[in-house]
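The values are calculated or read from the model by the stated rules, or taken from the named source; none is laboratory data. Worth saying up front: this structure is predicted, and the values here are computed from it rather than measured. Cβ placement follows ideal geometry from the backbone for every residue including glycine, while neighbour counts extend to all protein chains displayed.
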Amino acid sequence: MQKYMRTKEVAELLNVSLATLWHWNKVGYLTHLKMGKTTLYLKSEVENLPNKPLPKSLTYRRPKIPKRSMI
């Protein structure tokens, strides 16, 4: 039988915010299962997450915006 973890448990275990978990789910780095209003994560997937390489979309950096010159 598979074991599941709730969102807050996963966030505390991985020391990340709830927004980070939402983003990871959106880009496919960590998938979740919805049961009504409850979001669950597979415990085995959460435990193996540190061994999983980060996808390129998680290493995004905001481009620098050049300063506007005052005329």
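Step by step: first the residues of the stretch 16-47, then only those that are part of a helix (DSSP H, G or I) and among the basic types (Lys, Arg), then the one that is modelled with the lowest pLDDT. Which residue is that?
Here is the first cut: in the stretch 16-47, the ones part of a helix (DSSP H, G or I) are 18-27, 43-47.
Those left that are additionally among the basic types (Lys, Arg): 26, 43.
Details: Lys26: 86, Lys43: 92.
Per the criteria, the residue is Lys26.
If you go through the stretch 28-60 one residue at a time, how many are aliphatic (A, V, I, L, M), loosely packed, with under 14 Cβ neighbours inside 10 Å and in contact with a helix residue (DSSP H, G or I) (Cβ under 9 Å, 6 or more places away or on another chain)?
If we filter the stretch 28-60 for residues that are aliphatic (A, V, I, L, M), which is where we start, we get 30, 33, 35, 40, 42, 46, 49, 54, 58.
Checking which are loosely packed, with under 14 Cβ neighbours inside 10 Å leaves us with 33, 35, 54, 58.
If we keep only those that are in contact with a helix residue (DSSP H, G or I) (Cβ under 9 Å, 6 or more places away or on another chain) too, we end up with 58.
The total comes to 1.
Restricting attention to the stretch 1-13, and to residues there that are at pLDDT 85 or above and surrounded by fewer than 16 Cβ atoms within 10 Å (Cβ to Cβ), which single residue is farthest from the chain's Cα centre (by Cα)?
Quick first cut of the stretch 1-13, residues at pLDDT 85 or above only: 2-13.
Adding the requirement that they be surrounded by fewer than 16 Cβ atoms within 10 Å (Cβ to Cβ) leaves 2-3, 6, 8-9, 12-13.
Numbers: Gln2: 21, Lys3: 19, Arg6: 14, Lys8: 12, Glu9: 13, Glu12: 13, Leu13: 13 Å.
Step by step, filter the stretch 1-13, then rank; the result is Gln2.
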